[in-house]
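Okay, so here's the structure we're looking at.
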Amino acid sequence: MIMPQQTRTRILIIDDSSFMRMAIRSVLSKDPSFDIVGTAADGIEGVEKAIALKPDLITMDIEMPRLDGISALKQIMAKAPTKVIMVSTLTNEGARSTFEALDAGAIDYIPKNVTDSSDAQNIFRQELMRKIKEAVASRIRRLPSAVPTSIRPLTPTSSAPQRPTSSKFTGKKIQYVGIGASTGGPVALQEVLSRIPVNFPYGVMVGIHMPKAFTGPYADRLNAKCSMTIREAVDGDILKPGLALIAPGGMHTTLVKQGTNIVVRTQPTSSYPQYVYIPSVDLMMSSMAEATNGSMLGVILTGMGNDGFKGMQLLKQKGGVTIAQDEATSTIYGMPKACVDGGVADEVLPLGQIGFEISKFM
């Protein structure tokens, strides 16, 4: 009897650096489930090979000669839609380009941090393998832009919308909102936050798995596209109405009650070694549930794993309100699924409805 051959993930590597092409190939070749079907040294060659080879997944540099990674990505998504992971430099400019690539259809990104340091090399190898495996399990999403990318939404002049009497949350009171996300999260968060009006009366805290160099530029990008004021959090920040704070990368964030205020406290990762994901959504959400005594709305968006489940579980125990993104609109249905399967999601909604549902608490 002939056993069916296991399907291997066919991968194309696009990078102008021969060292990076070799480094990525070396890492991925160690996994028998991956098949490196080709490499390309610039965007033009990359587009040609993407069309000809029809790989299952592409890793692509952003800064390349002849045709840059973002331009190449747009052509690939138009001519031969494929799952693409961007390889980005750990700089503010690299971060801005990465978020532009995610808007253009990239599934995820990995920071390019290959130095002579063995620790840095190990981290890169681990992250590359993890991101590739997550991308294999993900789905290509083509979501319409929530708002025009060139202008901020107008400040609403009408009164706040009234909650429909049929809502599951009728009568529920909140004072704060906590949101967690991972893979697919940068685009999903923009969709959610762009639906929340400038006069939203509650403070918002956001935790997303992102490196230190990326959270600041990401907050600036959201601030330019959404009505609310959005910025990266710093230690001592107070959650205020109409303000959304992004937990800084490379460290953990907790919330504490001081007087009548809920205050941000940034924490070194060494203080919480039990949390694998950084910043930890579980730690952020749990501390926020404690600090607010449950008077908050918790939202978990797309992402691999189950980070956020324990925080949402504690929030439910304290009488808080919870929403999880549905499977159909999630890039990775991991974090929301953990909440749904664990029975801690009051409502399971498609991405396009979550921001509107949050706004109904006005």
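Just so it is clear, none of the values below were taken in a lab; they were calculated from the coordinates. Note that this is a predicted model, so its numbers are computed, not measured. Glycine also receives a Cβ, built like all others from the backbone with ideal geometry; neighbour counts cover every protein chain displayed.
Points to keep in mind about this one:
- Contact order relative to length of the chain, as percent, for alpha carbon pairs under 8 angstrom and 6 or more apart: 13 percent
- Pairs exceeding a 18 Å alpha-carbon distance, out of Lys79/Lys112; Lys112/Lys212; Lys316/Lys337; Lys240/Lys318; Lys83/Lys131; Lys310/Lys337: Lys79/Lys112; Lys240/Lys318.
- R0 of 22 Å, Cβ-Cβ distance Val136-Val348: FRET efficiency to nearest 0.05: 0.35
- Longest segment of the chain lacking trypsin sites (Lys or Arg not before Pro) that sit in a DSSP loop with at most 16 other Cβ atoms within 10 Å: 174-317
- Listed residues Tyr275, Tyr109, Tyr218, most fluctuating in the chain (Gaussian network, C-alpha, under 10 Å): Tyr275
- Each of Ala244, Leu67, Ala104 was scored by the projection of its Cα onto the charge dipole of the chain, and the greatest displacement toward the positive side belongs to Ala244; charges sit on the C-beta of Lys, Arg, Asp and Glu.
- Per-residue 3J(HN,Hα) values for the stretch 128-137, derived from phi via the Karplus relation 6.51 cos²θ - 1.76 cosθ + 1.60 with θ = phi - 60°, read 4, 5, 5, 5, 5, 5, 5, 5, 4, 7 Hz in sequence order (x marks Gly and Pro).
- Rounded if a/c under 1.5, otherwise prolate or oblate - the stretch 176-359, Cα gyration tensor axes: rounded
- For Ile110, neighbours were defined as the other residues whose beta-carbon sits under 10 Å from its Cβ, and their charges (Lys and Arg +1, Asp and Glu -1) total +1.
- Rg ratio (alpha-carbon, reference 2.2 N^0.38 Å) - the stretch 218-314: 1.06
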